[in-house]
Amino acid sequence: MKSIRIGAGLGFYGDNWEPVVASIERGNVQFIASDHLAELTLAILQKDRQRDPALGYARDVVPMLLRLWPLMQPRGVRFVCNAGGLNPHGAAQAVLAAFASKGLQARVAVVSGDDVLSQVLSIEASANPFAHLFTGSPVAGVRDRLVFANAYLGAAPIVQALDAGADIVITGRVADAALFLGPLVHALGWTLHGASTETDLNRLAQGLAVGHLLECSGQGSGGNFGSRGAWQAIPDLAHIGYPIAEVREDGAALITKAPGTGGRINFDTVRQQLLYEVHNPHAYLSPDVTLDMGNLRLEDEGQDRVRLTGARGTAPPDALKVVAGYRDGHKAEVTWGFSWPDAWDKAQAAQATIRTLLEEKRIPFDELYVEYPGLNSAHGALAPLPEATSLNELNEIWTRMVLRTPSKAAADGFGRLFPWIGLSGPAYTCGFTGLHNTTELLGIWPSLISREAVQASVKLELLGSAASVTAPIRAEMTANDEAKVEARSAAPAPRGPLGAEPGLRQPGAGSNTGSVRIPLAHIAHARSGDKADWVDFGLFAWNATGYAVLEREVTADRVQAHFAPWLPGDVDGWALPNILALKFVLRGALQGGGARNLRLDNLGKAMAGALLRMEIELTQEELDAVLNTPRAGWWGEGTPANSLEGMQ
C-alpha cells in the first residue's frame with residue numbers, strides 16, 4: 001500500500017530548525033510542514049508591519065530555507081509553511097531574493113486570501129455582528145481599533161499549489177494541521193472537496209490528527225513533557241528529533257522520528273500533544289473535517305514508534321474561524337530585587353511607594369499587576385506564599401510590576417518612577433530592569449465568518465524558477481531504515497513503575513487500609529496551552545488502574561473549585577478512556593488572551609503544573625495498585641505494556 005513520510009518543521013516563530021536537518025537527511029521524508037503562527041504571533045507580526053509595511057511575515061523563514069533548501073532540493077523534499085503571516089507575498093519575495101543571492105532556485109507558491117479585515121470593517125452589525133466566539137459580544141465595541149483579521153483557511157489551496165508543481169508553499173493564516181493535511185491529500189489522492197463518505201471523512205480525520213501531532217515540533221517527541229520526574233528520562237533533548245509521520249493511503253499512520261536523534265516517541269508523549277489546545281476532543285473543528293478522538297487508538301510499538309488509527313471524521317463546519325486583533329492600550333513592566341535581611345518587607349515598602357507616586361501624580365492606568373518571580377508567577381494563589389517571617393529570611397525577593405494603561409505617555413513614564421529608590425529607598429536592592437519598556441497591547445478577537453465570503457478571495461501565485469525537479473514519492477520504509485529505527489539509543493526507564501518517591505507512602509502503608517490524599521502529580525501527567533482567553537488542559541493517567549481513579553476523582557466541578565482562588569472561570573470537561581485521559585478547558589483564565597495578559601506565563605503553559613497540585617483522595621490499596629502497575633507507554637526498556645488494554 002502506498003505511503004508517504006512527512007516531517008515536522010518549526011512549531012512557532014523563532015523555533016529551532018536544526019532538528020529538521022536530521023529529518024531530511026536521515027528520516028526519509030518527502031515533505032516538511034512548518035507552523036510559524038500562533039494567535040500571539042499575528043499580534044507580533046502586526047507590530048512589525050506597523051513599523052515597516054514590507055514586513056508582517058515570520059522572518060525566520062529566510063535563514064531557515066537557506067539552511068534547508070540545499071538539503072531538500074536534491075532529495076525531492078517539498079516544503080509547506082504558514083510563515084507568510086500577514087504578508088505571504090512579501091515572505092515569498094524575501095525567500096526568492098535570498099535564494100537568488102546564493103544561486104538557488106525553486107518554484108514558490110503563495111497562498112493568500114485569508115485577510116478579511118476589510119470585510120469585517122464593512123459588515124453591517126445588523127447583518128453580522130462578528131460576535132466574539134467565547135463571550136458572544138458584538139465586534140462593535142472594538143471595531144474601530146481592529147488592526148488585523150484573518151480567516152483560518154484549509155488544505156485546499158495547499159493541495160492546488162502542490163498539484164501545480166510548487167517546491168515551496170508559503171501561506172498566510174491557515175489551520176495549523178492543514179499544513180500537513182494538504183501534502184497528504186496531494187500525495188495519497190484523498191478526496192477533499194466534497195468529501196462525504198465515511199471512508200473519505202475518516203481519512204481526512206486521520207490526516208488532521210497526524211497534522212496536530214506534528215504541528216508543534218518537539219512537543220510531539222518528548223519536548224515540554226509535563227510530569228513530575230518522568231521528563232528526566234527523555235534522552236538528549238539538546239539533539240531532539242522532531243516527529244515524522246508515515247501515512248498510508250488508508251489513513252493509518254506511524255509516528256516516529258529520525259534515527260540517532262534525542263527525544264522520545266511513546267504513548268505518553270504522543271497523547272500529551274494529541275490533546276493540546278483542541279478544546280472539545282469529540283468535535284475538533286477544522287476547515288476540512290471535524291475530528292472525533294473518542295475512538296482513536298495509539299499503539300505503542302516501542303523504539304520510538306506509535307501507531308495511530310481510529311480517528312473518526314464528520315463534515316466540517318459551515319463557517320471558518322477568524323482571529324482578529326485590536327489595539328488595547330499599553331503596558332510597561334519593571335523588575336527589581338531586594339536581598340536578605342528583611343527582603344520581603346523591603347519589597348512591600350518599595351511597592352507601596354510606587355503606588356503612592358501613581359496616585360499623587362494622577363497617572364492614568366487600568367491595572368497594576370504585581371507578582372514575585374520565583375515565588376508565585378507560575379501558579380499564582382495556588383502556590384501559597386509562606387508567612388512574612390519566613391519570606392524575610394529568604395536570600396532575595398524579586399518583584400515584577402506591570403502597568404496597563406490606555407496612555408502611551410503614562411506607560412513610557414512608568415519606569416522613571418523607580419531609579420531614585422536605588423539611593424533613597426530600602427537597602428540592598430539590585431537587578432532593576434524596565435526603564436524603557438513600553439509595549440502596545442493587542443487584544444485577540446476570535447470569531448466566525450461565512451466560508452463563502454472567504455473562499456472567493458483565495459489566490460494562488462506560482463513564483464520563481466521551474467528548474468528544480470521533484471523526485472517521485474517514495475514508498476514505505478526500506479529494510480535498512482527499519483534496522484536504523486531498531487538500533488536507536490534508549491534511555492533508562494525512570495525508577496519504579498511511576499518514578500514514585502518512597503516518601504509518598506505513609507507509615508503502615510503495607511496494611512492497605514485507610515485513605516490518603518495526594519497531589520495529582522504523583523499518579524498523572526499533564527500539559528496546558530492557550531486558546532484566546534481559555535486555558536486548555538490534558539490530564540493523563542500512567543496506566544488503566546490510575547485512569548479509573550482520575551475519572552472518579554477529577555471532575556470539571558472539582559477542577560473549577562481547585563482553580564477558583566486564583567482563576568474563578570467555568571470549566572468544561574471530557575473523558576477519553578481510549579487514551580487514558582481527561583480533557584478540561586478553563587474559561588476566562590488569560591486576561592483576554594496572551595497578547596494582552598500581564599502575567600509572566602501569559603500563554604498558560606505552566607498552568608498544567610498548577611493542575612497537578614490538585615489533591616485527590618484514594619485508598620492506600622488503590623494507591624499501591626496504581627504505583628505498582630506498569631506504565632502503558634514505552635520508556636526505553638523492554639516491551640511496552642499493551643496501550644490498548646483496559647481502554648475499551
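The values are calculated or read from the model by the stated rules, or taken from the named source; none is laboratory data. These figures come from a predicted structure and were not determined experimentally. All Cβ positions, even for glycine, are placed from backbone atoms using ideal geometry, and neighbour counts span all protein chains on display. Note: areas computed on protein heavy atoms with side chains; ligands, DNA, RNA excluded. Shrake-Rupley method; radii C 1.70, N 1.55, O 1.52, S 1.80 Å.
Summary table below
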{"read-out": "Extreme residue, surrounded by the most Cβ atoms within 10 Å (Cβ to Cβ), among residues of segment 4-32 that are part of a strand (DSSP E or B) and either modelled with pLDDT under 95 or touching a Cys at 6+ places or on another chain (Cβ under 9 Å) (or both)", "value": "Ala8"}
{"read-out": "Matching residues in segment 37-57 - criterion: being in contact with a helix residue (DSSP H, G or I) (Cβ under 7 Å, 6 or more places away or on another chain) and within 24 Å of Val159 (Cα to Cα)", "value": "Tyr57"}
{"read-out": "Members of segment 578-600 that are polar (S, T, N, Q) and either buried (at least 20 other Cβ atoms within 10 Å of the Cβ) or assigned to a loop (DSSP other than H, G, I, E, B) (or both)", "value": "Gln591, Asn597"}
{"read-out": "Positions within segment 64-77 being in contact (Cβ under 8 Å) with a residue 24 or more places away in the chain and either open to solvent by 20 Å² or more (accessible area, probe 1.4 Å) or in a helix (DSSP H, G or I) (or both), in sequence order", "value": "Met64, Leu65, Leu66, Arg67, Leu68, Trp69, Pro70, Leu71, Met72, Gln73, Arg75"}
{"read-out": "Pro386 being at pLDDT below 95, within 35 Å of the chain's Cα centre (by Cα) and surrounded by 17 or more Cβ atoms within 10 Å (Cβ to Cβ)", "value": "no"}
{"read-out": "Residue among Arg362, Arg355, Arg307 that is modelled with pLDDT of 95 or more, out of contact with any Cys (no Cβ under 9 Å at 6 or more places or on another chain) and part of a strand (DSSP E or B)", "value": "Arg307"}
{"read-out": "Pairs, first open to solvent by 10 Å² or more (accessible area, probe 1.4 Å) in segment 260-275, second not hydroxyl-bearing (Ser, Thr, Tyr), C-beta under 7 Å, six or more apart", "value": "Gly260/Arg26; Gly260/Arg488; Thr261/Pro19; Thr261/Ala22; Thr261/His239; Thr261/Ile240; Thr261/Gly241"}
{"read-out": "Residue check for Glu367: without any contact (Cβ under 8 Å) to a residue 40 or more places away in the chain, among the charged types (D, E, K, R) and open to solvent by 40 Å² or more (accessible area, probe 1.4 Å)", "value": "no"}
{"read-out": "Pairs where the first residue, in segment 561-577, is free of Cβ contacts under 8 Å to residues at least 60 places away in the same chain and surrounded by fewer than 20 Cβ atoms within 10 Å (Cβ to Cβ) and the second is among the β-branched types (Val, Ile, Thr) and in a loop (DSSP other than H, G, I, E, B), C-beta under 9 Å, 6+ apart", "value": "Gly573/Val554; Gly573/Thr555"}
{"read-out": "Test for Arg107: is it touching a strand residue (DSSP E or B) at 6+ places or on another chain (Cβ under 7 Å) and buried (at least 16 other Cβ atoms within 10 Å of the Cβ)", "value": "yes"}
{"read-out": "Residues (open to solvent by 40 Å² or more (accessible area, probe 1.4 Å) and in a strand (DSSP E or B)) located in segment 401-430", "value": "Thr429, Cys430"}
